[in-house]
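Here the structure comes first, spelled out in structure tokens, and everything after it is commentary.
The values are calculated or read from the model by the stated rules, or taken from the named source; none is laboratory data. Only a predicted model underlies this, so the values are computations on that prediction, with no experimental measurement involved. Cβ placement follows ideal geometry from the backbone for every residue including glycine, while neighbour counts extend to all protein chains displayed.
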Amino acid sequence: MSDGMMLVRDYGEAMEDAPVAVELLPIDGSINQDNAWLEVAWKDLETRADGSFFLSWHWIGPWLKHLPTGANAHAMVVRRNDRIVGLAILCRRVIRRYGILPMPSWLLHETGDPVFDGLTIEYNGILVDRSCADQTIAESLLWMARKLPGCAALVLAGLGAREEVLAHGVASSLGHRLQVRRADAARLVDLELVRRSGGTYRSGLGRSTRAAVSRAVRLYEARGVIDYRVAGDVDQALEFFDGLERLHRAVWEARGKAGSFANPAFGPLHRDLIRRGMNAGVVRLCRLSAGGQDFGYLYNFVWRGRVLNYQSGFAYEDDNRIKPGLVSHVLAIEDALARGEECYDFMAGGAGHKSHLSNAQTSMNWITLSPDQLSSRLEDKLHRIELALRRWRRRMKGLEQRPTP
């Protein structure tokens, strides 16, 4: 990292004995040639950090490789006593809110391209040294909010609860507006709770869910033995991913909608990630079949005792007693339990099976931090109008669906 690459340098005084130094380094246009330093630095910090899978090089590396043209990406490097204690990728883009309001923005591990960002990062944040994690996150957010050039909005997608608390603190200290653009929760199965209960995972499910699982398992077993298989090498993992894509596309095309694979970056990025991640043990692709017929595929990440369900493909049937998703997840959860893992995480989103199969949850929100100025106040009003219209539409839809007396 030469001084010639430096765009911005600032020293914070939040910790008098060890001030933080922040550099913002352009990497757009040199992703494949000159970012070897970033990979080395990122992997080194990973060993000293408690970041999520989405803050590991297993995700960040392929994501950088497949960035769309014009992503305008920069590495934020945070040092304390000349040692790197924080890393993040920020992209600069003018986002048009509601088609009329241009907002010069910086995005954390997103690009502002809605199609590419459909890859969806969760448990987002800044990769930080665990010895000074909260201080580094807070100081980095403070620097970003105050010092990023031309920043009318700092877009922080899929933040974990800890990072959001710190972001609220920064907004309060600066008098900035913090807008929650999407409020959600990650539902998960705390496998330690299951172990402590002394029972099986299925015995802890609700009565109706347990009955639905048992019935679906019997129906599948009538066709033959249920085979739950985890890919053992890269070739088999890519074969399973192809099967997942086939079932995933079929479901979404039947609904007349575009699924994840409509994103042109989705397949290439994840095939790269699978090739890199299988040997490291951070990718787990599962295939489920009965009587020689595939009915489910799961694409999961495995990171420090957590299994994160990222994508799936299921063979749905007209008989609604056949529940490929329910059976697939139950068997994958029982596999994680047998492996001694800590958690099976469905991540954010409102799919019905998540609430039925989980025993815990954690908040995850998509937020924007911006100075209290006319454009941000106008955007906030437009956002409130949008939310009110959504509530009104849902209410009208509910009235339309009521049976007439």
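Whether any residue in the stretch 274-296 is outside the structural domain of Ser52 (by TED's automatic domain parsing) and without any contact (Cβ under 8 Å) to a residue 12 or more places away in the chain is what I want to check. Scanning the stretch 274-296 turns up no residue that is outside the structural domain of Ser52 (by TED's automatic domain parsing) and without any contact (Cβ under 8 Å) to a residue 12 or more places away in the chain.
Applying a threshold of 8 Å to beta carbon distances and a minimum spacing of six or more residues, or different chains, the list of pairs starting in the stretch 129-144 at a residue that is farther than 11 Å from Ala49 by Cβ and ending at one that is hydroxyl-bearing (Ser, Thr, Tyr) reads Leu142/Ser173. Hey, any hits in the stretch 277-285 for a residue that's surrounded by 20 or more Cβ atoms within 10 Å (Cβ to Cβ) and within 30 Å of Asp319 (Cβ to Cβ)? Checked against the condition, which is being surrounded by 20 or more Cβ atoms within 10 Å (Cβ to Cβ) and within 30 Å of Asp319 (Cβ to Cβ), the stretch 277-285 yields at least one hit. Evaluated against (1) modelled with pLDDT under 90; (2) assigned by TED's automatic domain parsing to the domain that holds Asn300; (3) charged (D, E, K, R), Arg384 falls short on exactly one condition, (2).
Just one of (1) modelled with pLDDT of 95 or more; (2) more than 30 Å from Asp50 (Cβ to Cβ); (3) small (Gly, Ala, Ser) fails for Ala336. It is (2). If you go through the stretch 203-245 and pick out every residue that is part of a loop (DSSP other than H, G, I, E, B), surrounded by 13 or more Cβ atoms within 10 Å (Cβ to Cβ) and not hydrophobic (A, V, I, L, M, F, W, C), you end up with 1. If only residues of the stretch 56-97 that are of a type in the set (S, T, N, Q) and over 25 Å from Trp303 (Cβ atoms) are counted, the one that is surrounded by the most Cβ atoms within 10 Å (Cβ to Cβ) is Asn72. All of Ala88, Ala71, Ala75 fail the test of being in contact with a Cys (Cβ under 8 Å, 6 or more places away or on another chain), in the same structural domain as Val22 (by TED's automatic domain parsing) and on the phi < 0 side of the Ramachandran plot, apart from Ala71.
When you check Gly112 against the structure, is it among the small types (Gly, Ala, Ser) and buried (at least 19 other Cβ atoms within 10 Å of the Cβ), yes or no? Judged against the criteria, Gly112 is a match. Give me the residue from the stretch 351-368 that is in contact (Cβ under 8 Å) with a residue 60 or more places away in the chain and under 20 Å from Ala212 (Cα atoms) and, out of that set, surrounded by the most Cβ atoms within 10 Å (Cβ to Cβ). So the residue we want is Leu357.
Is it true that some residue in the stretch 159-176 is more than 20 Å from Ala75 (Cα to Cα), touching an Asp or Glu at 6+ places or on another chain (Cβ under 7 Å) and part of a helix (DSSP H, G or I)? Step through it out loud before you land on a result.
Here is the first cut: in the stretch 159-176, the ones more than 20 Å from Ala75 (Cα to Cα) are 160-162, 164-166, 168-176.
Now drop any that are not touching an Asp or Glu at 6+ places or on another chain (Cβ under 7 Å), which leaves 166, 175-176.
Still in the running and part of a helix (DSSP H, G or I): 166.
Yes: one or more hits.
The residues on offer are His270, His248, and the sole one that is touching a residue at least 12 places away in the same chain (Cβ under 8 Å) and farther than 23 Å from Ala336 by Cα is His248. Within the stretch 182-210, the set of residues being without any contact (Cβ under 8 Å) to a residue 24 or more places away in the chain and outside the structural domain of Ile333 (by TED's automatic domain parsing) is empty.
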